[in-house]
1. Counting only the backbone N, which residues of region 81-106 are under 17 Å from the spot 7 Å out from the Cα of residue 74 toward its beta-carbon?
2. Using every pair of alpha-carbon atoms in the chain, split the distances into 5 Å bins beginning at 0 and state the percent of pairs per bin, rounded to integers.
3. With an 8 Å cut-off on Cα pairs and a minimum separation of 6 or more residues, tell me the relative contact order of region 4-106 in percent.
4. Taking the Cα centroid of region 1-28 and of region 32-65, what is the distance between the two, rounded to the nearest whole Å?
5. What 222 nm value per residue comes from the helices of the chain, counting each DSSP H run with n ≥ 4 as -39,500 (n - 2.57) and dividing by all residues, nearest 500 deg cm²/dmol?
């Protein structure tokens, strides 16, 4: 199991979660942040610091946002498990589902 970043992060990218993550498994896409499931240690440090409440434990993702669990996996299809977001840096792409979303106003 892992944590999942959902719709509230799209076009926000607050990054408080990145600062709290002890294993550097939260990566920056073009429009939102993503958690690398293979690198996440399920500590939960990211969840309470998210100001828009976009992070959920995998089993607690609201049904209407279930597609975001797949989006978090799809984001890593080409880059795999880089072993740390800081060394990889921001990416100029998103999971296809996120890229197709209209601009979000929060």
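1. Zone members listed by number: 92-104.
2. Going from the shortest bin to the longest, the percentages are 2, 14, 27, 28, 21, 7, 1.
3. Relative contact order for region 4-106 comes out at 38 percent.
4. Region 1-28 and region 32-65 have Cα centres separated by 7 Å.
5. My calculation for the chain gives -4500 deg cm²/dmol from helical runs alone.
Only the coordinates and a few stated rules stand behind these numbers; no lab work does. Computed from a predicted model, the values in this text were never measured in an experiment. When we count neighbours, we look across all protein chains shown, and the Cβ atoms used for this are built from the backbone with ideal geometry, even at glycine.
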